[in-house]
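Okay, so here's the structure we're looking at.
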């Protein structure tokens, strides 16, 4: 019974691909983010509504988005070109950097 559980657990880990992935280095991500800054802003708070704000997003979300742009699962010609040269380490570092930044927040509405 335990052996079967462990086999299922290992299968889930292998399928997820990021369960034990390296967490990423925010300092390295900041150095690698120069190209990203043109659209998403220096700290990930995009100056224009045309581009998503990356600051403060979950690191796992940002990493998955980058991986999906690279694999073609997400379709965006601009982002596909941007992520094409990135390594797994680059994507981990970028996700760590932008997730560590202070995101802009909207004050709660009073009813």
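The values are calculated or read from the model by the stated rules, or taken from the named source; none is laboratory data. What you see is a predicted model, and the numbers here were worked out from it, not measured in a lab. Cβ coordinates were reconstructed from backbone atoms using ideal geometry, including for glycine residues, and neighbour counts include every protein chain displayed.
Do the conditions hold for residue 64, that is, is it at negative phi, assigned to a loop (DSSP other than H, G, I, E, B) and either modelled with pLDDT under 95 or surrounded by 14 or more Cβ atoms within 10 Å (Cβ to Cβ) (or both)?
no
Given (1) at pLDDT below 95; (2) loosely packed, with under 12 Cβ neighbours inside 10 Å, where does residue 75 come up short, assuming only one miss?
(1)
For the stretch 42-61, what are the residues that are in a helix (DSSP H, G or I), surrounded by fewer than 17 Cβ atoms within 10 Å (Cβ to Cβ) and in contact with a helix residue (DSSP H, G or I) (Cβ under 7 Å, 6 or more places away or on another chain)? Even if it seems obvious, please write down each step before you answer.
Quick first cut of the stretch 42-61, residues in a helix (DSSP H, G or I) only: 59-61.
Going one step further and asking which of them are surrounded by fewer than 17 Cβ atoms within 10 Å (Cβ to Cβ), we end up with 60-61.
Within the stretch 42-61, no residue meets the criteria.
What number goes with the only condition from (1) modelled with pLDDT of 95 or more; (2) in contact with a helix residue (DSSP H, G or I) (Cβ under 6 Å, 6 or more places away or on another chain) that residue 39 does not pass?
(2)
Can you name the condition, by its number, that residue 28 falls short on among (1) at pLDDT below 95; (2) at negative phi?
The failed condition is (1).
Filtering the stretch 78-111 down to residues that are assigned to a loop (DSSP other than H, G, I, E, B) and under 14 Å from residue 44 (Cα atoms), which residue is modelled with the lowest pLDDT? Steps first, please.
As a first pass, look at the stretch 78-111 and keep what is assigned to a loop (DSSP other than H, G, I, E, B): 84-87, 101-111.
The next check asks that each one be under 14 Å from residue 44 (Cα atoms); those that pass are 101-105.
Working: 101: 95, 102: 92, 103: 87, 104: 73, 105: 65.
Checked the stretch 78-111; the qualifying residue modelled with the lowest pLDDT is 105.
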